Every structure is written in C-alpha cells, then in structure tokens.
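Single-structure report; data block below.
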Amino acid sequence: MAYQSIEPGRMRAELTWINGGPGMVFRGPDRVVATLTFDLDPEGHISTIHNVANPDKLHAVADGARHELS
C-alpha cells in the first residue's frame with residue numbers, strides 16, 4: 001500500500017538528529033515525506049514518539065538542515 005502516493009520500496013529511512021535529538025527521516029524519490037523524533041527517559045528508553053508529515057513543517061529537513069547520527 002502506498003503512503004502519500006509513494007510505494008514502500010521507493011522510500012528510504014535515515015537515522016539522524018532532528019532539533020537536537022534522535023530521529024528518523026523518511027524520503028521518497030523526490031521529497032521528504034515524514035519525520036519521527038523520540039523523547040528519551042533518563043535510562044535512554046524511548047518514552048514518546050513524534051510523527052510529522054505536514055509538508056509545511058518539513059522544509060528545514062528537506063533543505064538539508066540536519067546532522068546524521070554516528
């Protein structure tokens with residue numbers, strides 16, 4: 001099943017830093033389609049997951065304002 005008209009096999013997921021925290025960027029062939037960011041508890045476990053798929057809010061990521069996780 002396609003997501004935003006993009007077949008899953010044509011998407012890629014990248015681990016990255018978003019707004020100073022860990023996250024993932026999901027890209028289609030021609031655009032960023034979504035991000036996930038994670039809040040961590042004191043032990044380093046994920047306590048909250050934030051999903052952004054609004055194109056108006058994805059400009060900074062799409063324009064390359066991010067840093068890869070090492």
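Is it true that some residue in the range 36-53 is in contact (Cβ under 8 Å) with a residue 12 or more places away in the chain and in a loop (DSSP other than H, G, I, E, B)? Can you show your working first?
First, the residues of the range 36-53 that are in contact (Cβ under 8 Å) with a residue 12 or more places away in the chain: 36-40, 49-53.
Keeping just the survivors that are in a loop (DSSP other than H, G, I, E, B) gives 53.
There is at least one residue in the range 36-53 that is in contact (Cβ under 8 Å) with a residue 12 or more places away in the chain and in a loop (DSSP other than H, G, I, E, B).
When the residues of the range 33-57 are filtered to those that are within 16 Å of Tyr3 (Cα to Cα) and among the aliphatic types (A, V, I, L, M), which remaining residue is surrounded by the most Cβ atoms within 10 Å (Cβ to Cβ)? Outline the logic, then answer.
Of the range 33-57, the ones within 16 Å of Tyr3 (Cα to Cα) are 33-36, 51-55.
Narrowing the set further to residues that are among the aliphatic types (A, V, I, L, M) leaves 33-34, 36, 52-53.
Details: Val33: 18, Ala34: 20, Leu36: 17, Val52: 16, Ala53: 14.
Among residues in the range 33-57 that are within 16 Å of Tyr3 (Cα to Cα) and among the aliphatic types (A, V, I, L, M), the one surrounded by the most Cβ atoms within 10 Å (Cβ to Cβ) is Ala34.
Name the residues in the range 1-28 that are closer than 19 Å to Asp63 by Cα, at pLDDT below 90 and assigned to a loop (DSSP other than H, G, I, E, B), would you?
Residues satisfying the conditions are Asn19, Gly20.
To keep it simple, each residue is scored yes or no on (1) in contact (Cβ under 8 Å) with a residue 40 or more places away in the chain; (2) aromatic (Phe, Trp, Tyr); (3) surrounded by 17 or more Cβ atoms within 10 Å (Cβ to Cβ).
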position	(1), (2), (3)
Gln4	yes, no, no
Gly9	no, no, no
Glu14	yes, no, no
Asn19	no, no, no
Val25	yes, no, yes
Arg31	no, no, no
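The values are calculated or read from the model by the stated rules, or taken from the named source; none is laboratory data. Since the structure is predicted, the reported quantities are computational estimates derived from the model, not experimental observations. Backbone-built Cβ (ideal geometry, glycine too); neighbour counts: all protein chains shown.
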